[in-house]
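Peer 1: Would you mind keeping the following structure in view while I ask a few things?
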Amino acid sequence: MVFSSLFGKRDKPESLAESPVEESPAPKLGLFDRMKQAVTRTRESFSESISSVIALTREIDQTSLDHLEPMLLAADIGSATTAIIMENLRQRALRTGIESGAQLKRLLKAELKQILDGVAHPMQHPAAPPEVVMMVGVNGTGKTTTTGKLAAFYRNQNRSVLLCAADTFRAAAIEQLEVWAQRSDVPIIKTKQGGDPSAALYDACTAAKARNIDVLIADTAGRLHTKTDLMKELDKMRRTAEKLVPGAPHQTFLVMDATTGQNGLQQARLFTEAARVTGIILTKLDGTAKGGIVLAIATELKLPVIYAGVGEKIEDLIPFDSNSFVDSLLD
């Protein structure tokens, strides 16, 4: 990975910068508009496919539904989720019929929302600070970047945040998180590369308690010498946090890259089994036409998506909302 991909694009030197031009600030987009923007590529694919299904026949029948199935699979909704959706739609068609494309869209929306809401649950926060959040996931998913963005998100909620650089295995991971700490204007606890991640987390938990910090976010390793080593290390970190802060870690977020689709699901299963994952942060949702992976996550991992990465800027991490997602997808 090149250096610039870790730390983002560098600003132009002042001598090369263009003269400032006064412009009216762009209107701030709401959650629905930002989600709609993020799933543009998936929505375009969906709309085109549904339009082709509707064009085949005036009434939505078994034949036209058969054409819907590959569309769902192409969006990376996954075979298990697609099977559930198709079975329910076929039963509906047999019982009362599906009279129009508009009705098909409404029924499809209801099916997608039911799947997402079936795994949704309110986040459990501790009665007293600090709230300890562990970030887990394989290298390359944007885990460290997302850790920095999450810190900024909490800071914007007027919560005090402390970062812990506990990914001591990957070269430059600590330095990368330091840059994000500066951008987010939050303090960081770190050790040297190759140091003991659990020792770094121990120090961070102690500091968070002493400073009365609201949220402690720990960036963890995405790779060690073997998968067994990695899972043992994550378990050790979890036990370390629990000894110092009751109930910690209170959240364990698995960072997944939306562009990896079904391959990402295979990687995710390892973490969900060993790290007691409570929710998913899905990055690069704006960079794929296969946003249906959100549904596959719900069906196959039985976990909700809590946040979605919708761009490269520090503010481009938004709370995931099933209504906004489904409406954006089938608007």
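The values are calculated or read from the model by the stated rules, or taken from the named source; none is laboratory data. No experiment lies behind these values; they were computed from the predicted model shown. Here the Cβ positions follow ideal geometry from the backbone for every residue, glycine too, while neighbour counts run over all protein chains shown.
Peer 1: Just to check your reading of the model, which residue among Gly137, Gly148 is within 16 Å of Leu254 (Cα to Cα), at pLDDT below 95 and in contact with a Leu (Cβ under 9 Å, 6 or more places away or on another chain)? Before the answer, list the steps.
Peer 2: Working: Gly148 fails: at pLDDT below 95.
One residue alone meets the criteria, Gly137.
Peer 1: Let me ask you something else. Quick test for you: out of Thr220, Thr191, Thr228, Thr240, pick the one residue that is hydroxyl-bearing (Ser, Thr, Tyr), under 20 Å from Ala268 (Cβ atoms) and touching a helix residue (DSSP H, G or I) at 6+ places or on another chain (Cβ under 7 Å). Before the answer, list the steps.
Peer 2: Values: Thr191 fails: under 20 Å from Ala268 (Cβ atoms); Thr228 fails: touching a helix residue (DSSP H, G or I) at 6+ places or on another chain (Cβ under 7 Å); Thr240 fails: under 20 Å from Ala268 (Cβ atoms).
Checking each option against the conditions leaves just Thr220.
Peer 1: Mind listing whichever residues of segment 244-292 are surrounded by 20 or more Cβ atoms within 10 Å (Cβ to Cβ) and over 24 Å from Gly148 (Cα atoms)?
Peer 2: Matches in segment 244-292: Lys290, Gly292.
Peer 1: Still on this structure, I have one more. Just to be sure I understand, how many residues within segment 212-243 are free of Cβ contacts under 8 Å to residues at least 60 places away in the same chain, exposed (fewer than 14 other Cβ atoms within 10 Å of the Cβ) and assigned to a loop (DSSP other than H, G, I, E, B)?
Peer 2: 2
Peer 1: On the given criteria, is Arg90 surrounded by 14 or more Cβ atoms within 10 Å (Cβ to Cβ) and either more than 31 Å from the chain's Cα centre (by Cα) or of a type in the set (Gly, Ala, Ser) (or both)?
Peer 2: Numbers: surrounded by 14 or more Cβ atoms within 10 Å (Cβ to Cβ): yes; either more than 31 Å from the chain's Cα centre (by Cα) or of a type in the set (Gly, Ala, Ser) (or both): yes.
Yes.
Peer 1: Check whether at least one residue in segment 138-154 is crowded, with 20+ Cβ neighbours inside 10 Å and within 30 Å of Ala83 (Cβ to Cβ), and report yes or no.
Peer 2: The answer is yes, given that some residue of segment 138-154 is crowded, with 20+ Cβ neighbours inside 10 Å and within 30 Å of Ala83 (Cβ to Cβ).
The rows are residues; the columns are (1) closer than 21 Å to Gly142 by Cα; (2) touching a Leu at 6+ places or on another chain (Cβ under 7 Å); (3) of a type in the set (Asp, Glu).
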{"position": "Ser160", "(1), (2), (3)": "no, no, no"}
{"position": "Ala165", "(1), (2), (3)": "yes, yes, no"}
{"position": "Leu177", "(1), (2), (3)": "yes, yes, no"}
{"position": "Gln182", "(1), (2), (3)": "yes, no, no"}
{"position": "Ala208", "(1), (2), (3)": "no, yes, no"}
{"position": "Leu216", "(1), (2), (3)": "yes, yes, no"}
{"position": "Thr226", "(1), (2), (3)": "yes, no, no"}
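To keep it simple, each residue is scored yes or no on (1) touching a His at 6+ places or on another chain (Cβ under 9 Å); (2) buried (at least 21 other Cβ atoms within 10 Å of the Cβ); (3) among the small types (Gly, Ala, Ser); (4) without any contact (Cβ under 8 Å) to a residue 24 or more places away in the chain.
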{"position": "Ala165", "(1), (2), (3), (4)": "no, yes, yes, no"}
{"position": "Phe169", "(1), (2), (3), (4)": "yes, no, no, no"}
{"position": "Ala172", "(1), (2), (3), (4)": "no, no, yes, no"}
{"position": "Leu177", "(1), (2), (3), (4)": "no, yes, no, no"}
{"position": "Ser184", "(1), (2), (3), (4)": "no, yes, yes, no"}
